[in-house]
Amino acid sequence: MKHVGDLLAKMLLDYEVDFVFGMPGGQTTALHQGIARLAPRIEHILVRDERSAPYAADAYARLTGKPGVCDVTVGPGATKLTDGIVEAYNASIPMICIVGELPLDWVTLRHKGVASQGFDQQGFFQSISKEVFMVPSVTALPDIVRAAFRIATSPRPGPVVIIVPHDVMDAPWDDSQVIPVDKRCIQAPSSRYRPEDAELQRAAALIAKARRPAIIAGGGVHASGAAELLTAFCDRVQPLHVSSLSGKGSVPETRPYAAGVLNPLGSAAAIQLIKEADLLIWCGSKASQNTAMNWTLPLAGQANITIDADPTEHGRTFQPTVALCGDVRATLAALDGMVSATPKPEWLARIAEVKAGKQRGLDQEKASTQLPIIPPIVMAGLAARLQAEDVVISDASFSAGWIAQYIPATQSGRHFLYARGQGGLGYASPAAIGAAAVLQRRGGRVVTLAGDGGHAFAVGELATLAQNRMRVVNIVINNGTLGWLQMWQEVFFEDLRKSVDLAVGDKPDFAAAGTAMGLLGLKVMRPEELDAALDAAFAHDGPSLVEVMIDPRATPIHSFRRRMEDPNPKAPVRPGTVYELRQWKLASEL
C-alpha cells in the first residue's frame, strides 16, 4: 500500500529534485521509503547532524538554481535547522524544509513536550522563513507543496517550511491519482520582470555621462543567472568591476577592469578604486554593511544606479539616482541595448596602475617561505590546481578573506560559495556535501577552506563525505585559535586573550581525525611540504583533508594588519561606544 510519503517523494521528483539532505526520524520514515522506491532518480543523503542538512541544501541550490530540499524529524531535528534556514533567508536561497510533526490532533500535547519532542514548530519557524505550512490533511498536501515551490522560487527567493504531521505522512495514498506540479517553479527565479523603458533610458544616459563608472556585483547576479551577460556588458563598456563575496565570479577577475572583492577583508585595489568612481551601479547587491564598507559608500558626489528584483531594497541605505526594479538578467538585457557608453582610457589606466601596485604585495606574500606558514602560499597552491569545473567553498571569518584576495575567479559563473547571509562558522563541510552531490553528476571537485575553529563545528560530516566517496579537498588552516576574535580582543580590549585558544599542545590533530573517518589525511608544517600534500589530495579519488599549520598572526583584514604593524598605535576605542546609525544619503547627480 502506497502512503503520503510516496506522494511527497513523487512530487519532489516531478519538481526535478535530485537529492534530499537530512536525517530520518520515526515521523518521517514514510518519506524515506517513498524516496527509496524512486531511487536512483531521487536520492537521500544522510548527514551526521541535522544542522548540516540545510547547509547542504543551500549549496545544492546555489549551484543548480533549484530549491535545495532537506528533511528532519520533529523536535530536536527541527530546532537544529535554524542556522541554515537563516542563512538561506538572508542570502535569498530557495529551499524547502520538510519537518516531521506529532499527530495532527495532539494540539494540547505539544505544549512543553508533554508528548515526546513536541513544541510549537510553526511559530518557531515563522520569523526565519518566507512561509511555514502545517499540512492539515492528505487532500491539502499537494497544494501546499506547489505553494512551497512557488514561494521559494519567486522573487525574492528563500526558504519555506512544510510541517507534516505523523498521521498525515503515514496515511494511505491512491497512487493512481495524477498530481500536477507547476513547472515554472522548478528553478529560481520563477518569474522575471524588468523596469520601464523610461527608467532604463535614464540609467543608460547616466552611464554614458560617467567618466569613472563602477559596477558593484552581488549574489543576485548569480541567482539570476546573469554572470555571462554582465561579463559581456562589462567587456564592452569596461567600467571598474568589483563584487561582494557572494558576487565573486560575476565577471572573471582576470579582466583588466576587474579589481576583485569589495569588503574590509577583500581586495585592497577594490577598496581604493571604488572611492574614485563617480557612478556606482549596484547590480544584484543589497549594499550590505561589508560591501558598502560600513556604509561609507556611496561617498558624497557619487551617483548611484540600483538593479534589484526586490522593490524594498531600492533606497534602504541611500536614495538611488536611478532605481531599476527588476530581475538582474532581464534588466541587464534590456539596458545593454540602450547603453552607448564606451571605455574610458584614463579610468582604465588608473585601474591598471592601482591593481599593479597592490599585486606586487600579493605576489610577495604568495612566494613567502617564512615559518610559520602564511595562508597566501596555500591559496597560491590551490589556485594553481583548480580546474574550470571545480567549486571553492569558504567557511566564515578569515577564510573568506584569504580566498577573496588570493584566489582569482578566472571565469564567469558561481564557482565560489560563501555563507554571507549570516556569516556563521561551520558552513564549509556541510555545504561541501550538497556541492559534491551536484558535481558527482556534473564533473569537478569541491575545495573547502576553513580555520580550525570553523572546521570543528561540523567535523562529523567528514564521515558523510567518506561514506559517499565525494571528491572534496578539505583545507584546514590551523592557527590554534579563533583568529578574528583573538585579534579583536587584542586590538580593542587592551590585549585581552580570553576563551579564544583552541589548541592543547599539538592537538587537535585534524589530519589524523580525517584519516580516522576514512579520508586521506595529510599534515603540512613547512612551506616545502605543501606542494606534495596538495598534489596527493587533488589526485585522490575520494575525500581528503590537508591540515596546514599557519602563523597565528596572519590576517586578511586590512585594519587589523595596519594596527599590528603600527609601532605607535593610538589608544583603542571600543567599537560599541562609537557605533552610530548610518545616515541615509540623498541621491547625487553627475
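For the reader, a short list of remarks on this structure follows.
- Which numbered condition Pro552 fails, given (1) modelled with pLDDT of 95 or more; (2) surrounded by fewer than 20 Cβ atoms within 10 Å (Cβ to Cβ); (3) over 20 Å from Ala400 (Cα atoms): (3)
- Single residue of region 278-296 satisfying the filter (surrounded by 22 or more Cβ atoms within 10 Å (Cβ to Cβ) and among the hydrophobic types (A, V, I, L, M, F, W, C)) that is nearest to Gly220 (Cα to Cα): Cys283
- Among the candidates Glu547, Glu565, Glu529, Glu580, residue that is open to solvent by less than 50 Å² (accessible area, probe 1.4 Å), out of contact with any Asp or Glu (no Cβ under 6 Å at 6 or more places or on another chain) and charged (D, E, K, R): Glu547
- Only one of Gln27, Gln33 that is among the polar types (S, T, N, Q) and crowded, with 24+ Cβ neighbours inside 10 Å: Gln27
- Among the residues of region 140-167, those that are more than 17 Å from Ile93 (Cα to Cα), open to solvent by less than 10 Å² (accessible area, probe 1.4 Å) and hydrophobic (A, V, I, L, M, F, W, C) comprise Leu141, Val145, Ile163, Val164.
- Checking Leu8 against (1) part of a helix (DSSP H, G or I); (2) over 16 Å from the mean Cα position of the chain (by Cα); (3) surrounded by fewer than 24 Cβ atoms within 10 Å (Cβ to Cβ), the condition it does not meet: (3)
- Residues that are open to solvent by less than 10 Å² (accessible area, probe 1.4 Å) and farther than 14 Å from Val446 by Cβ, drawn from region 408-417: Ala409
- Residues in region 346-355 that are more than 12 Å from Ala268 (Cβ to Cβ) and either within 29 Å of the chain's Cα centre (by Cα) or buried (at least 17 other Cβ atoms within 10 Å of the Cβ) (or both): Trp347, Ile351.
- Filter result (open to solvent by 90 Å² or more (accessible area, probe 1.4 Å) and in a helix (DSSP H, G or I)) within region 182-194: Lys183, Arg184
- Residue, surrounded by the most Cβ atoms within 10 Å (Cβ to Cβ), within region 250-277, restricted to residues that are within 24 Å of Gly483 (Cα to Cα) and among the β-branched types (Val, Ile, Thr): Val261
- The residues of region 445-478 that are open to solvent by 30 Å² or more (accessible area, probe 1.4 Å), polar (S, T, N, Q) and not in a helix (DSSP H, G or I) amount to a single one, Asn468.
- Ala53 meets the conditions (1) of a type in the set (A, V, I, L, M); (2) in a helix (DSSP H, G or I); (3) within 17 Å of Val145 (Cβ to Cβ) in every case but one. The failed one is (3).
- Looking across Ser559, Ser588, one residue alone is assigned to a helix (DSSP H, G or I) and of a type in the set (Gly, Ala, Ser). It is Ser559.
- Among the residues of region 288-341, the ones that are modelled with pLDDT of 95 or more and among the hydroxyl-bearing types (Ser, Thr, Tyr) come to 5 in all.
- Pairs with Cβ under 7 Å, 6+ apart, first in region 208-222 and open to solvent by less than 10 Å² (accessible area, probe 1.4 Å), second part of a strand (DSSP E or B) and among the β-branched types (Val, Ile, Thr): Pro213/Ile281; Ala214/Val242; Ala214/Ile281; Ile215/Ile281; Ile216/Val242; Ile216/Ile281
- Region 67-111: number of residues that are part of a helix (DSSP H, G or I), under 21 Å from Asp18 (Cα atoms) and hydrophobic (A, V, I, L, M, F, W, C): 2
- Looking across region 234-249, the residues that are surrounded by 24 or more Cβ atoms within 10 Å (Cβ to Cβ), outside any loop (DSSP other than H, G, I, E, B) and out of contact with any Phe, Trp or Tyr (no Cβ under 7 Å at 6 or more places or on another chain) come down to Val242, Ser243.
- Residue, most open to solvent (accessible area, probe 1.4 Å), within region 297-325, restricted to residues that are over 24 Å from Pro189 (Cβ atoms) and outside any strand (DSSP E or B): Ala300
- Yes/no for Ile377 being open to solvent by less than 30 Å² (accessible area, probe 1.4 Å) and either under 28 Å from Pro256 (Cα atoms) or over 16 Å from the mean Cα position of the chain (by Cα) (or both): yes
- Any hit, region 95-111, residues being surrounded by 17 or more Cβ atoms within 10 Å (Cβ to Cβ), within 25 Å of Val47 (Cβ to Cβ) and of a type in the set (Lys, Arg): no
- One residue from Ile215, Ile207, Ile179 being of a type outside the set (Lys, Arg) and in a strand (DSSP E or B): Ile215
- Flag if Leu425 is open to solvent by less than 10 Å² (accessible area, probe 1.4 Å) and either within 24 Å of Ser244 (Cβ to Cβ) or assigned to a helix (DSSP H, G or I) (or both): no
The values are calculated or read from the model by the stated rules, or taken from the named source; none is laboratory data. Since the model is a prediction, treat every value here as computed from it, not as a measurement. For neighbour counting, all protein chains shown are included, and Cβ atoms are generated from backbone atoms with ideal geometry for every residue, glycine included. These area figures cover heavy atoms from the full protein model, side chains too; ligands, DNA and RNA do not enter into them. Shrake-Rupley method; radii C 1.70, N 1.55, O 1.52, S 1.80 Å.
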